[in-house]
Every structure is written in structure tokens, then in C-alpha cells.
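Let me begin by presenting the structure, written as C-alpha cells, before commenting on it.
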Amino acid sequence: METIESMKRISRKNIVSPKGFKAVGIHCGLKHKKNDLALLVSEVPASVAGVFTTNAIQAAPLSVTKQVVYETQKMQAVVINSGNANACTGKQGMLDALQMQQETANHLGIDKSLVGIASTGVIGEPMKMEPLLSGIKQLQPIDSLEGSIQFSQAILTTDTVTKNTAYATVVDDREIVIAGVAKGSGMIEPNMATMLGFVTTDANIESEYLQQALKEITDVTFNSITVDGDTSTNDMVLVMANGMAGNNSLTPTHPDWESFVNALHAVSLDLAKMIAKDGEGATKLIEAKVTGAISDEEARKIAKSVVGSPLVKTAVFGCDANWGRIIAAIGYSGATVDPDTINIYIGTTLVVENSEPVEFSEADLLIYLKQHEVKFLVELNQGPKNTGEGTAWGCDLTYDYVQINATYRT
């Protein structure tokens with residue numbers, strides 16, 4: 001999607017930058033010390049869209065939130081806890097999720113059908129309801145950078161950094177702001193994975209069209225990242241649009257539809273790349289771009305195969321220009337490829353031409369591979385009719401990844 005002149009990145013109050021949103025995060029006792037309970041609220045009920053994990057095992061909070069997204073189609077608040085996923089917790093887990101929703105609604109004085117919930121953390125442990133419910137009563141969301149920071153901290157698990165971004169664009173000669181916050185570090189193999197994303201906007205748009213835009217954007221952003229190939233039980237991206245900017249309702253036929261979609265795409269892409277870069281133990285962001293595929297979908301499939309390959313990931317960690325691992329990942333991707341026409345670049349250095357090795361400087365590529373961002377370009381060259389392009393992002397695989405996950409519960 002093209003960047004348009006009317007779109008600009010902004011640095012204001014992060015997730016509460018759009019009109020009419022407030023946020024807060026506190027420590028309630030689910031984790032030892034760090035913030036572990038967060039609340040995001042709109043002044044008025046907002047149109048809502050959501051995308052969710054494709055794991056067949058889905059946590060109770062997803063069932064509750066899906067009902068709000070698909071049936072109410074409006075959301076005014078979302079409450080999130082970290083430290084416990086409330087997944088694989090049986091009937092009691094669902095009762096706990098519903099109580100979490102109801103207590104938040106009571107605290108805010110709104111109907112429970114307007115409240116989404118999300119949980120992230122350890123799977124299979126009962127939720128500690130006493131500190132959670134006590135914490136909900138203490139949540140006082142504010143319209144400030146401080147509230148946004150608290151919120152972004154409270155949703156983290158093994159993340160090393162918070163993930164925030166915001167853009168402004170113009171619709172009907174009015175400024176529209178779209179802001180996002182996310183968490184995610186391990187078990188990142190979307191469609192979706194262990195990640196939570198929350199996006200706010202003051203644009204006026206009905207849920208039907210917001211869902212359409214989010215689904216299309218998700219395929220080329222959140223669903224184009226991978227850390228370790230695991231798909232979790234909990235995770236989601238939610239977009240809330242409260243209409244307080246006062247523009248005419250956005251639809252695909254609106255003259256400024258593209259402006260809105262581009263800004264939403266920019267927010268989603270920023271967050272997706274931040275998640276990939278912050279993979280557990282990661283030291284480098286890996287980007288793979290594929291051209292000349294039979295379709296964009298096939299190109300993304302190949303790109304994800306490359307960045308998701310454990311051997312490619314370890315080669316990047318070790319600064320080894322082992323292009324054989326890249327071409328192997330292309331071959332087993334399941335996509336249609338011509339095995340005799342592939343070009344591969346590491347950075348700007350051609351290492352494979354027409355599927356045959358090209359002489360290159362190992363010393364120069366060693367210097368390149370020591371950078372914090374490493375890019376691969378794969379040209380499939382399958383003929384003039386094959387113009388599919390796609391990009392995926394991942395991270396290197398390090399000793400620290402093993403250490404973090406070997407001791408996650410203990």
C-alpha cells in the first residue's frame with residue numbers, strides 16, 4: 001500500500017491519541033511486581049473489528065470477546081490481564097472470564113455486551129480471581145501519555161519492550177488519528193499467535209467495513225510474521241472506532257477510504273515488525289521479500305517459509321551467509337516455484353543467480369549480517385505473468401530463546 005502525503009506518524013499519547021479514549025495499567029497481584037491489569041475505554045460505544053487465533057484450542061476470553069465483536073458489533077471497553085492465559089481451564093475458566101467481563105461493566109456503569117476481555121500468560125492454571133476482581137475496581141483510566149504507558153506495560157509477558165505507534169490522516173478535511181499498542185514475543189506464528197494488538201481510532205466507520213479493512217491488512221502484516229512456528233490459544237487484534245472525529249461514515253466508496261486504510265495498514269505493520277524484532281532472545285529482525293510468484297499469497301507463503309526456517313534463523317544469528325538454507329526453505333514452502341530461475345540477494349549482494357552460486361565476499365556479508373536488521377530478496381523469475389509479491393518478518397534464533405522457554409513456568 002502506498003504512503004500518501006496526508007498521512008503522518010505522530011507522537012502524542014500513544015493508544016489514547018485519538019479523541020475520546022482513556023487507558024490505564026496497574027499491578028493487581030497476578031504477577032510478582034510488574035503491571036498486570038489494563039483497561040482501555042472509549043467515551044462512547046465504538047464500532048469494533050477483530051481477528052483471532054486459528055488454534056483449535058481457544059481460551060475462554062476469546063469466546064467472550066468474539067461474541068461482542070460478532071454479535072454486539074460495538075465495544076466501549078476492553079480489559080486485559082497478563083500473567084495468566086485463562087486457557088484450558090474448563091467450565092470454571094469460562095465462568096471466570098464472564099465474571100471479569102461483568103465486573104468491568106459494573107465498574108464502568110455500562111452493559112457487559114460492550115466489554116471485551118483478553119488474557120495472556122501461562123496456559124492451564126486457574127485464574128486468581130480475588131486480586132483480579134479487586135484490581136478491576138481500582139482501574140481509573142486517564143487521557144494521558146502516562147495512562148498509555150501503564151497500559152502498554154501491563155499487557156506484556158516475556159516482551160523486552162513496549163510496542164506503540166500512531167498515525168494521523170485526513171478524511172473529509174478532518175484529522176483522523178489511528179493508534180496501536182501490542183504485545184508479543186514468543187509463540188508467534190500467526191494466524192494469529194501469542195500476541196495481543198489493540199488499535200483505536202476516532203474515525204467514523206461501521207463495524208462491517210472496519211472488519212473488511214482489518215482482515216485485508218492482517219494478511220500482509222500480523223499474519224506475515226513468525227518467531228518460532230508455535231500458534232497460541234489466546235490472541236487477537238481488536239480495532240475500536242468511536243467516530244468522534246466527526247467525518248462522514250467511511251465505506252469503500254468514500255473518496256478518502258484509501259487514506260484511512262493506509263493509516264490502519266501503517267499502524268498494523270509497525271506493530272507486526274516490532275513483535276518480530278522483539279522475539280524471545282532475538283538480536284536481529286529478518287525481512288524476506290519475494291517477487292515473481294504466481295500470486296501475492298504464494299509470495300508471502302515463501303517469504304514466511306524463509307524467515308521461519310530454524311536453520312535460516314540460526315545462520316543469521318551466527319552471521320553465516322549460508323544461502324543454501326534460504327533456497328531449501330523456498331523449495332519446501334509448498335508454493336509453486338521454477339527450480340532453475342531463482343535469484344537470491346542477502347542485503348544488496350547477489351549470492352544466487354538462476355539457482356546457481358555466484359561469487360561474493362564472505363567478509364563483506366559478515367559485516368552486513370552483524371547488523372540488527374537483515375534483509376533477503378528472492379526473485380523467482382517465473383515469467384511475465386507471474387507478478388506476485390510478498391514480504392514476511394521474523395527474527396534470529398538464539399541461545400536465550402532456549403533459556404527463556406526452558407524455564408517459562410519455573
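The values are calculated or read from the model by the stated rules, or taken from the named source; none is laboratory data. Quick caveat, the model's predicted, so the values are computed rather than measured. Reconstructed Cβ throughout: ideal geometry from the backbone, glycine too, with neighbour counts over all protein chains shown. To get the accessible areas, we keep the full protein, side chains included, count just its heavy atoms, and leave off ligands, DNA and RNA. Shrake-Rupley method; radii C 1.70, N 1.55, O 1.52, S 1.80 Å.
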List the pairs whose first member sits in region 236-256 and is free of Cβ contacts under 8 Å to residues at least 60 places away in the same chain, whose second member is polar (S, T, N, Q), and whose Cβ atoms are under 8 Å apart, counting only residues at least 6 apart or on separate chains?
-> S249/N204; P252/Q212
Taking region 63-75 and keeping only residues that are over 21 Å from the mean Cα position of the chain (by Cα) and part of a strand (DSSP E or B), one is left with K74
Kindly list the number of the only condition in (1) closer than 23 Å to K273 by Cβ; (2) at pLDDT 95 or above that fails for K304.
-> (2)
Working only within region 372-388, note down all residues that are in contact with a Lys or Arg (Cβ under 8 Å, 6 or more places away or on another chain) and either among the aliphatic types (A, V, I, L, M) or modelled with pLDDT of 95 or more (or both).
-> V374, K375, F376, L377, V378
Selection within region 72-92 - of a type outside the set (S, T, N, Q) and either within 23 Å of C28 (Cα to Cα) or free of Cβ contacts under 8 Å to residues at least 12 places away in the same chain (or both) | A77, V78, V79, I80, G83, A85, A87, C88, G90, K91
Does region 1-17 contain at least one residue that is over 22 Å from D111 (Cα atoms), open to solvent by 10 Å² or more (accessible area, probe 1.4 Å) and of a type in the set (D, E)?
-> yes
Quick one: Q371 ticks every box in (1) loosely packed, with under 14 Cβ neighbours inside 10 Å; (2) within 22 Å of I225 (Cβ to Cβ); (3) without any contact (Cβ under 8 Å) to a residue 60 or more places away in the chain except a single one, so which number is it?
-> (3)
For region 280-295, indicate whether the set of residues that are over 30 Å from V177 (Cα atoms) and in contact with a Cys (Cβ under 7 Å, 6 or more places away or on another chain) is non-empty.
-> yes
List the pairs whose first member sits in region 1-20 and is part of a loop (DSSP other than H, G, I, E, B) and hydroxyl-bearing (S, T, Y), whose second member is modelled with pLDDT of 95 or more and surrounded by 14 or more Cβ atoms within 10 Å (Cβ to Cβ), and whose Cβ atoms are under 6 Å apart, counting only residues at least 6 apart or on separate chains?
-> S6/T169; S6/V170; S6/S259; S17/A166; S17/V177; S17/A179
Of everything in region 48-90 that's among the charged types (D, E, K, R) and touching a helix residue (DSSP H, G or I) at 6+ places or on another chain (Cβ under 9 Å), which residue is surrounded by the fewest Cβ atoms within 10 Å (Cβ to Cβ)?
-> E71
Kindly provide the set of residues from region 18-45 that are in contact with a Phe, Trp or Tyr (Cβ under 9 Å, 6 or more places away or on another chain) and either crowded, with 19+ Cβ neighbours inside 10 Å or over 18 Å from L114 (Cβ atoms) (or both), ordered by number.
-> A23, V24, G25, N35, A38, L39, L40, V41, S42
Within region 93-141, residues being open to solvent by 20 Å² or more (accessible area, probe 1.4 Å), hydrophobic (A, V, I, L, M, F, W, C), in contact with a helix residue (DSSP H, G or I) (Cβ under 8 Å, 6 or more places away or on another chain) and more than 14 Å from G29 (Cβ to Cβ) number 3
